[in-house]
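Notes to accompany the following structure.
Rule-based calculations on the coordinates, nothing more; no lab input. The structure presented is a predicted model; accordingly, all values stated were derived computationally and were not measured. Counting neighbours? That spans all protein chains shown, and the Cβs are built from the backbone with ideal geometry, glycine included.
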Amino acid sequence: MQMARTQKNKATAHHLGLLKAKLAKLRRELLTPTSKGGGGAGEGFDVTKSGDARVGLVGFPSVGKSTLLNKLTGTFSEVAAYEFTTLTCIPGVIMYKGAKIQLLDLPGIIEGAKDGKGRGRQVISTARTCNVILIVLDAIKPITHKRLIEKELEGFGIRLNKTPPNLTFRRKDKGGINFTSTVTNTHLDLETVKAICSEYRIHNADVSLRYDATADDLIDVIEGSRIYTPCIYVVNKIDQITLEELEILDKLPHYCPISAHLEWNLDGLLEKVWEYLDLVRIYTKPKGLNPDYEDPVIVSSKKKTVEDFCNRIHKDMVKQFKYALVWGSSVKHKPQRVGKEHELEDEDVVQIIKKI
């Protein structure tokens, strides 16, 4: 309310920054109640993590999340023409390019989920554990729904299709607030930074920016509990709109139009999910045998060294590791001897040689 009433200009930036920090703090306290009584922090639904990656379906009631789960995984999630058919979280598994992808059908969320309405808190807590979030929208009213859902997820500290802010924040014992920047700043100045820090009772810290950051970015870094998740907007029921409308949807970034009921473009959706998951497949080669192309070891493209690969197979493997032989695009010779720091590429073949 107060933020809406305040004019936005240089003189009030400091005041707005303070209000934003207060709001972020209050919201966190709302999600993690300190008292012993009542429910704990937003607990998710208890679904055991299985497979190589986890994808969550988030959306308003009756947009076709369950139908989509049924068509993609063959798992049965009850489908009916009334809202809130799905009441808990239903998992299914897709086998795709040798990877096991766990798909979660989450109950529909409603406006105000971030403030604990409906089962919003559990839905969004479970969404935080996913590697990719699919926001399922109804083709008839996609844009209004998209904004509302994004607002709910943002309020819960999930940042969609964003990279973590490129700024460093380091607490120290003395010396006050030290603010440096390599670029000209239009949003933050020393006063605002001091105001935000004092709201968190931080009086000594180094803050250095490498780009034009906003007050929200600084708050995200101080809070530290933010999750940066890739997200695909899945527009369902495209059989109910015109071709012109479909062409407009097709031009938007991160969008994928489908019809779950008629099974249109489900392959395109899987292809896109695979791209956003950003996984690397590595084939194993036992000594004297052909590589096993049926069952690859899946690692994340951020952690794809030979050591990460060994840890995926068994935790004791690194202790016995002598060197590895690698065939594929990450090496010049075929095979090539590499150490455990070597980074692997998609579809490499690896043979581990152990110490005797």
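Annotations for the structure displayed:
- Summing +1 for each Lys or Arg and -1 for each Asp or Glu among the other residues whose beta-carbon sits under 14 angstrom from that of Lys355 gives +3.
- Test item: Cα-centred dipole of the range 279-354, Lys/Arg +1 and Asp/Glu -1 on Cβ, debye: 360 debye
- Normalised by the number of residues in the range 279-354, the average gap of Cα pairs under 8 Å and 6 or more apart makes the relative contact order 37 percent.
- Just so you know, the averaged projected area of the alpha carbon convex hull for the range 165-223 sits at 3.5 nm².
- Taking the DSSP bridge list for the chain and keeping only pairs wholly inside it, about 50 percent are antiparallel.
- Cross-link partners of Lys303 among aspartates and glutamates (Cα-Cα below 20 Å; sequence separation of 8 or more within a chain): Asp52, Glu275, Asp278, Asp295, Asp316, Glu341, Glu343, Glu345, Asp346, Glu347, Asp348
- Relative contact order [Cα under 8 Å, 6+ residues apart], the range 197-274, whole percent: 22 percent
- Across the alpha-carbon set of the range 279-354, the Rg to Rh ratio works out to 0.91, Rh being the Kirkwood radius.
- When the convex hull of its Cα atoms is viewed from all sides, the range 221-326 shows a mean projected area of 11.8 nm².
- Helical runs (DSSP H, four residues minimum) scored at -39500 (n - 2.57) apiece and divided by the length of the chain put the mean residue ellipticity at 222 nm at -9000 deg cm²/dmol.
- Cut-off 11 Å between beta-carbons: net charge of the residues surrounding Arg281, Lys and Arg +1, Asp and Glu -1: -4
- Listed pairs Lys174/Lys194; Lys285/Lys334; Lys315/Lys355; Lys71/Lys151 exceeding 18 Å between Cα atoms: Lys71/Lys151
- Lys, Arg +1 and Asp, Glu -1 on Cβ, resulting dipole of the range 161-264 about Cα centre, debye, nearest 20: 760 debye
- Cross-link pairs exceeding 27 Å between alpha carbons, from the set Lys65/Lys302; Lys49/Lys237; Lys65/Lys251; Lys20/Lys146: Lys65/Lys302; Lys49/Lys237.
- Calculated from the alpha-carbon coordinates, the chain shows an Rg and a Dmax of 23.9, 74 Å respectively.
- In order along the range 61-70, the phi-based Karplus estimate (6.51 cos²θ - 1.76 cosθ + 1.60, θ = phi - 60°) of 3J(HN,Hα) comes to x, 6, 9, x, 5, 5, 4, 5, 4, 4 Hz; Gly and Pro are listed as x.
- For the chain, the relative contact order is 14 percent, taking Cα pairs closer than 8 Å that sit 6 or more residues apart in sequence and dividing their mean separation by the residue count.
- Sparsely packed GluC sites (Glu not before Pro) within the range 140-173, loop by DSSP, other Cβ within 10 Å at most 16: none
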